[in-house]
1. Of the peptides 227-233, 121-127, how do they stack up when ordered by the mean number of other Cβ atoms within 10 Å, highest first?
2. What does DSSP give for the chain in terms of the percent of beta bridges that are antiparallel, rounded to the nearest 5?
3. So what is the relative contact order for the range 216-288, in percent, with contacts set as C-alpha pairs under 8 Å and at least six apart?
4. Exposure proxy check: VAL92, VAL252 ranked by fewest other beta carbons within 10 Å?
5. For the range 189-260 and the range 148-186, write down the distance between their C-alpha centroids in whole Å.
6. In degrees from 0 to 90, rounded to the nearest 10, what is the angle of the helix 106-119 Cα long axis to the longest principal axis of the chain?
7. Would you order GLU27, GLU187, GLU321 from fewest to most other beta-carbon atoms within 10 Å of each residue's own beta-carbon?
8. Which number gives the lysine pairs in the chain that have C-alpha atoms under 29 Å apart and are eight or more places apart or on different chains?
Amino acid sequence: MTDEAAVKRIWVFIEQEEGRAHQVSWELMGAATKLSQELEGSRVEGVLLGYNVAHIAEEAYRYGASRVYLIDDPVLEKYRNLPYSIGASQLVQKYKPEIFLIGATTLGRDLGSSIATRVRTGLTADCTELAIDPNLKILAATRPTFGGNLMATILCRTHRPQMATVRPRVLPLPEPLPTATGELIREPLDLSEDDIPVQHVGFIPRTGGLNIEYADVIVAGGRGLGSPDGIKLLEELANLLGGVVGVSRPLVDAGWISYEHQVGQTGKTVRPKLYIAAGISGAVQHRVGMANSDFILAINTDPNAPIFQIASLGIVGDLYEVIPELINQVKAIHQGTERS
């Protein structure tokens, strides 16, 4: 029989909205499973808060959770920091996890810091890599620092749980196990609406939003575009490939395109099947956001551009000559498919 007091619990916060789990939760489950293989006596478990969300636990088991702690309460139907942070902190204080992982989403960044403050522990934010230190047997959380010029590995030696937030798409999505099952532990919240100073009065959805993090194809441009007119060229190629446009930070700072297209340390982390980097030099601040792409095609006039160091295929040339030719080639393939 397992000694519950001796179990080193690796927790993953299962973020959900309207009864649907955010994919970063399952990416973290995969990371937690790898950590558990390096940490003797550990177990992967999920933490789920919401209202009428028990069905998500079944999905959590398939991605690696052996147990899910559920607080299901009407007060938690819509995310608000106070009840969520109180509920999660109560679970931490009762079950004492060794490690607690949360997605670095808008919700996760808000919630993670509040939980860490309540339980008086540290939190490493916006991590890009997680491992177990082979000597100390504690979490080694790596994140960019000094404007992305360095990578820092941070250890939380004395306080528990060891907490980290991780960006969506930094980690691979594991394959689910269809027949996996687990244990569900229900816990009360013991809060009423009268205890919450912030009330939910409505939600205005953003229309026309771009979810670049989960795009399969991204055609990205940098300073090499020279002018905002180059964005149209990227859009034409992206549309033909069924993808979206991405950019490096200078183009957003210049007002050429909106922030939701920005890839990099201060933008989005992406993991597409194809990433075309046109006129992007490849500074570390940009690479940290797209280096895990399956296939990277780099186009740059500078043969020594850092982007070529991580590219699957590089073309040294003028993007205003290369991209139109790519467009013609893709059109020819489409026309050939239509004829056949």
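Coordinate-derived values only; no laboratory data. Here the structure is a predicted model, which is why all the values come from computation and not from measurement. Glycine also receives a Cβ, built like all others from the backbone with ideal geometry; neighbour counts cover every protein chain displayed.
1. 121-127, 227-233
2. About 20 percent, rounded to the nearest 5.
3. 42
4. VAL252, VAL92
5. First find each Cα centre; the distance between them is then 25 Å.
6. 30
7. Final ranking by Cβ density, sparse to dense: GLU321, GLU187, GLU27.
8. 18
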